[in-house]
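The values are calculated or read from the model by the stated rules, or taken from the named source; none is laboratory data. None of the values given here were measured: they were computed from a predicted structure. In this analysis, Cβ positions are derived from the backbone assuming ideal geometry, glycine residues included, and neighbour counts consider all displayed protein chains.
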Amino acid sequence: MPVHSEPAPPPLPPPSLLHQRNDRTAGAPYPLSEYIRRFLWEIVQATLIRFSPRRAHAWRRFWLRRFGATLADTACTKSSTRIRHPWLLEVGEWSTIAEEVEVYNLGWIRIGRHTTVSQRAWLCAGTHDYTRIDMPLIRPPIVIGDGVWVCAGAFVGPGVTIGHNAVVGACSIVTRDIPQGAVAAGNPARVVKTRPPPTDPLMPANPDAANPDAPNPP
């Protein structure tokens, strides 16, 4: 019997108005000094940091601070952590950014105290305004509070605030704020339960009482 192939789908009609990146917006939106700083940082990250020993936390803090990062003395990153702009990063005491985490901080990313961002998570503080024809770059900040756990493979989108003591489940997609003490999971992430209040005296149930400069929870 002859084999009948499926007919090709009809072509899409031409749009009445096309969203496009024009040369005037996709060219060079930053000054030359910014590109030089990025270039130098990429060299340092690909060599001095990428091949550093596992426990060389002070060495990595030194170079991140040289490029403008604000890091507590007990903050930790790994050799495979990829940070786009150190000068737009703030990490509090005893917080860790784990292996292969992508810190895409075109805008500010602030991480509180005693917080863990687990392996292969993606923090994305940059996007494009799709409502405009030229799709300009926008850089909404990400704020992650104290005592938070962002589990492996999770994606945290631009403009998101994660409240103190919250948990983001593995491989979740966070596009909206997560309340304090919530456990959120899924795509998109939704609150599925409440985390019990901490009993460790180092992490009070209300971290703001001990740290007035901490990010405000939603």
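Among 165, 187, which is over 13 Å from the mean Cα position of the chain (by Cα), assigned to a loop (DSSP other than H, G, I, E, B) and at positive phi?
Numbers: 187 fails: at positive phi.
On inspection, the qualifying residue turns out to be 165.
For (1) of a type in the set (A, V, I, L, M, F, W, C); (2) modelled with pLDDT of 75 or more, each residue gets a yes or a no:
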residue	(1), (2)
2	no, no
8	yes, yes
22	no, no
33	no, yes
37	no, yes
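List the number of the failed condition for residue 55; all other conditions in (1) without any contact (Cβ under 8 Å) to a residue 12 or more places away in the chain; (2) surrounded by 13 or more Cβ atoms within 10 Å (Cβ to Cβ); (3) part of a loop (DSSP other than H, G, I, E, B) hold.
For residue 55, the failing item is (2).
From 113, 120, 132, which residue is surrounded by 22 or more Cβ atoms within 10 Å (Cβ to Cβ) and in a loop (DSSP other than H, G, I, E, B)?
Values: 120 fails: surrounded by 22 or more Cβ atoms within 10 Å (Cβ to Cβ); 132 fails: surrounded by 22 or more Cβ atoms within 10 Å (Cβ to Cβ).
The conditions single out 113.
Residues that are buried (at least 20 other Cβ atoms within 10 Å of the Cβ), modelled with pLDDT of 95 or more, touching a Leu at 6+ places or on another chain (Cβ under 7 Å) and among the β-branched types (Val, Ile, Thr): does the stretch 160-170 have at least one?
No, the conditions are met nowhere in the stretch 160-170.
Here is a list of conditions, (1) of a type outside the set (Ser, Thr, Tyr); (2) part of a loop (DSSP other than H, G, I, E, B); (3) more than 16 Å from residue 102 (Cα to Cα); (4) in contact with a strand residue (DSSP E or B) (Cβ under 7 Å, 6 or more places away or on another chain), and residue 180 meets all of them except one; can you say which number that is?
(4)
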